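The values are calculated or read from the model by the stated rules, or taken from the named source; none is laboratory data. Since the model is a prediction, treat every value here as computed from it, not as a measurement. Note that we place each Cβ from the backbone using ideal geometry, even for glycine, and neighbour counts take in every protein chain shown.
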Amino acid sequence: MFMDVDKMVIGQHLSKPGSCWRDFYPMSVMKCQRENCLNSDQDYSYWMTTRVPKQQSCSAFYPDGDIGVAEARDKYISRCVVCVSDYKLVSYHSFTANPPTAPELARIEQKGWEQVYSGYSYIMQVGPGRAFGNAVFDHESCRREFTPTMIAQTYKKDVRFISSNFKSMWLIDNSAQVDKNIKVDSAADRANFIQNYLGKCIVLRRSVERRMYYYSDTPDNYDEE
């Protein structure tokens, strides 16, 4: 997802092929100057983890402390594929705990878009003092799954999951009055947060059957209705 090198963040947008690496390994960069290259103890990389199983608590799923690279790769690091599409994908956020309404979907379809999938409104991921975010209009901001902490940090030859510095940022219902911590560790707590607080979204693509013209020479027989 991103790297922290000498307190500088280098990020990869999740909707871009650069976020999908062929292999997983820590210490993946070196700093090169004119005369030498160096692996620094202050360089970290952050990777997306697998989701917490729906009936399991976060504290029970994630390992308590550092683990080795092989175990992390086999059990906890999320997989990905790079795809080719002829259609532009965008996100549409409801800014409420409810999915977009039927009238909204009808207007969207009328403008030449069709729904690909629904999800939850995701903004950014924070490591220890550094963060990298998403473009809200891009489909990377609409996640199919909700997991409170979605990253693993590599440091030297270890992988760590548990840190109070790891935070994910999500859009919530714009009418929610939140002034206290909302528990999300257990499956029941996460379900409550998803239903009552977490912002919903859909990902759209250009419809094959119906397109919207934006230039001035719109055909005379084009039906706007």
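Figure legend. Inter-residue proximity from region 69-95: first residues in contact (Cβ under 8 Å) with a residue 60 or more places away in the chain and farther than 16 Å from residue 145 by Cβ, second residues surrounded by 17 or more Cβ atoms within 10 Å (Cβ to Cβ) and among the aromatic types (Phe, Trp, Tyr), beta-carbon distance below 9 Å, spacing 6+ or different chains. Indicated pairs: 69/24; 72/24; 72/47; 72/161; 90/113; 92/113. Every condition in (1) surrounded by fewer than 16 Cβ atoms within 10 Å (Cβ to Cβ); (2) modelled with pLDDT of 85 or more is met by residue 146 except one, and the failing one is (1). Applying the condition of being closer than 24 Å to residue 87 by Cβ and not in a loop (DSSP other than H, G, I, E, B) to region 183-214 and asking which residue is modelled with the lowest pLDDT yields 206. Every condition in (1) modelled with pLDDT under 65; (2) surrounded by fewer than 18 Cβ atoms within 10 Å (Cβ to Cβ); (3) not in a loop (DSSP other than H, G, I, E, B) is met by residue 217 except one, and the failing one is (3). Output the residues belonging to region 25-44 that are modelled with pLDDT under 75, out of contact with any Asp or Glu (no Cβ under 6 Å at 6 or more places or on another chain) and not basic (Lys, Arg). Listed by number, the residues that qualify are 25, 26, 27, 28, 29, 30, 38, 39, 40, 41, 42, 43.
Per the conditions (1) on the phi > 0 side of the Ramachandran plot; (2) surrounded by 15 or more Cβ atoms within 10 Å (Cβ to Cβ), the sole criterion not satisfied by residue 72 is (1).
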